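Here's the structure we're looking at; comments come further down.
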Amino acid sequence: MTAEYRRLRVALLGAGAVGSQVASLLLRHGDELADRAGAALELAGIAVREVDARRDVDLPKELFTTDAESLILGSDIVIELIGGIEPARANILLALGSGADVVTANKALLATHGPELFEAADRVGASVYYEAAAAGAIPIIRPLRDSLAGDRVVRIMGIVNGTTNYILDRMDTEGADFADVLTDAQRLGYAEADPTADVEGYDAAQKAAILASLAFHTAVPLDAVHREGISSITASMIEEARAAGFVIKLLAVCERIEANGAESISVRVYPALVPQSHPLANVHGANNAVFVEAEAAGSLMFYGAGAGGVQTASAVLGDVVSAARRHIAGGVGVGESTRANLPIVPIGHVTTRYQITLQVADAAGVLATVAGILSDGGVSVATVVQTVEGESEPTARLIIGTHRATEEALSATVDALAESSVVERVVSVLRVEGE
């Protein structure tokens, strides 16, 4: 028999793939959640645009409403799962203004309006919970915000987009082409009809901004995140990476660096070469993983489902329980720490190394010319692999691995190579991470 608990009203905004699962779990496991939270969680209603729309989960019709405002103002905890900027932003501000705690999975909103929402919460002593916004079901927000609060996070490398990881993994394991795998991903529901947000790195960039803000206690605006996607990755690039002992992954990289004589941070998203021995190289399918390096704790790995309705609902409900516990315990919510205010530097300040693939004429002196261009740019060569292609008019393919240098120097050197008369074209340029 469940104990008598104080009753908290929970409003749910949105009943899509995640929202419908959250509602179902709240209704099915209410007694268990009450025992964990110390409060009875009453699903007061579900605000949607169309009450009669078809949904994957069978939910009581009487819970649905189109009057989001009344539902919000009558609730203690508001779960926002409609996504996008508006009306999600207005709804959350309304909820916080009324003193309700907010649980959200809205990465786009947090990446663009996070400081505004956190300030609104601070004004009334409420909290914004967003475990599901960065890596789906993977618990990474609490570890960064709470468990590692006494440590100094140095670096984060994350595979935070399941669609791109599914595509790159299949290209690696099957030798398939990007376009073919993308079509399969859309058919299976891993990719949207318009996959731009995923394959061009926008989704990962939003998550990188959130993770970096937490890890480095600094507000990171979305436009400060360097972003590149995977649409230019080819089967031959995957094959060359494998031959060199690497796997290509779309990474969100957030790290402390020294720039202009001061401690700064760099936040970037791009496809990178990851050594096959690195834990991130073995993240397969649509899974996500976040690899954290901290001064005292060392290396930590968080792995699991990065998406999916019921999986993401798990993270959402964890936040709901946390919000309920705060209500029962009383006191003000815990605000976000952005007091470090570290400068965020452009990618040119980052030190990394490249793998550059060039198509060149198969003629005497070409390699020496290429080496000279690299030397003039202050870029040292670590490895060179040369293959000859064609018979009547043979050309050579050079795969050059560089030593570490600044991104600015490496980028300028690639530009110089592209302009050289001995280089027919720059086939690809990939950075190496995780060594």
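To the nearest ten degrees, helix 17-28 and the longest principal axis of the Cα atoms of the chain are 40 degrees apart. Among the listed options [x] 24.5, 86; [y] 23.0, 75; [z] 21.5, 67, the one matching Rg and Dmax of the Cα atoms in Å as calculated from these coordinates is [x]. Once the Cβ-Cβ distance of residue 177 and residue 4 is raised to the sixth power relative to R0 = 56 Å, the FRET efficiency obtained is 0.35.
With N set to the number of residues, divide the alpha-carbon radius of gyration of region 34-105 by 2.2 N^0.38 Å and report two decimals. Before the final figure, lay out each step's value.
On the way: Rg = 12.8 Å, N = 72, 2.2 N^0.38 = 11.2 Å.
Compared with the compact-globule rule of thumb, region 34-105 sits at 1.14.
For helix 202-216, report the angle its Cα long axis makes with the longest principal axis of the Cα atoms of the chain; keep it between 0 and 90° and round to the nearest 10°. Taking Cα atoms only, the helix is inclined about 80 degrees.
Rolling a 1.4 angstrom probe over the protein heavy atoms with all chains in place gives the chain an accessible area of 43 Å² per residue.
Considering only beta bridges that DSSP places wholly inside the chain, some 70 percent are antiparallel. Distant-in-sequence amide contacts of residue 201, defined by a placed amide H-H separation under 5 Å and a gap of 5 or more residues or a different chain, comprise 230.
Remark on region 177-217: Rg and Dmax equal 13.5, 41 Å (Cα only). When every Cα-Cα distance of region 282-365 is counted in 10 angstrom steps from zero, the calculated P(r) takes the values 10, 17, 32, 22, 10, 5, 3, 1 percent. For region 260-319, the average shadow cast by the Cα convex hull is 6.9 nm², which is a quarter of the hull's surface.
Would you calculate the volume per residue, in Å³, of the smallest convex hull containing every Cα atom of region 305-435?
Details: hull volume 23.4 nm³, N = 131.
Given the Cα convex hull of region 305-435, per-residue volume reads 179 Å³.
Here the simple spin-label model places points 7 Å from the Cα toward Cβ, and for residue 123 and residue 51 these points are separated by 3.3 nm.
Geometric descriptor of region 214-261, per residue, is 142 Å³ (volume of the convex hull of the Cα atoms).
Take the convex hull of the alpha carbons in region 1-152; its mean projected area over all directions comes to 10.1 nm². The gain in end-to-end length when the residue 192 to residue 426 segment is fully stretched comes to 81.1 nm, 0.36 nm per residue minus the alpha carbon separation. So for region 169-326: antiparallel DSSP bridges make up what percent, rounded to the nearest 5? Of all bridge pairs located within region 169-326, approximately 90 percent are antiparallel.
Put simply, the convex hull of the Cα atoms in region 231-349 casts, on average, a shadow of 11.4 nm². On the basis of the beta-carbon distance and an R0 of 30 Å, residue 369 and residue 408 show a calculated FRET efficiency of 0.85. Axis angle, to the nearest 10 degrees, between helix 178-188 and the longest C-alpha principal axis of the chain: 20 degrees.
Within the accessible area of the chain, what % is carbon and sulfur when the probe is 1.4 Å and the other protein chains stay in place? Let's see the in-between values first.
Details: 9030 of 18560 Å².
So the carbon and sulfur contribution to the accessible surface is 49 percent.
In Å, what Kirkwood hydrodynamic radius results for region 134-217 from the alpha-carbon pair distances? Intermediate results must be reported in sequence, preceding the final value.
Working: mean 1/r = 0.0700 Å⁻¹.
Answer for region 134-217: a Kirkwood hydrodynamic radius of 14.3 Å.
The label point for residue 301 and the one for residue 239, both projected 7 Å from the Cα toward the Cβ, are 2.9 nm apart. Diagonalising the gyration tensor over the Cα atoms of region 126-180 and scaling each eigenvalue by 5 before taking the square root yields semi-axes of 32, 14, 7 Å, largest first. Computed over the chain, the per-residue total of -39500 (n - 2.57) for DSSP H runs of n ≥ 4 gives a 222 nm mean residue ellipticity of -11000 deg cm²/dmol, rounded to 500.
May I ask for the Rg/Rh ratio of region 392-435, computed from Cα atoms with Rh as the Kirkwood radius, given to two decimals? Don't skip to the end; give the middle numbers.
Details: Rg = 12.4 Å, Rh = 12.2 Å.
Here the Rg-to-Rh quotient is 1.02.
Between residue 147 and residue 86, the simple label model (points 7 Å from Cα in the Cβ direction) yields a spacing of 3.9 nm.
The values are calculated or read from the model by the stated rules, or taken from the named source; none is laboratory data. Predicted model only: the values in this text are computed from it and were never measured. Cβ: placed from backbone, ideal geometry, glycine included. Neighbour counts: every protein chain shown. Side chains included, ligands, DNA and RNA excluded: accessible areas come from the protein's heavy atoms. Shrake-Rupley method; radii C 1.70, N 1.55, O 1.52, S 1.80 Å.
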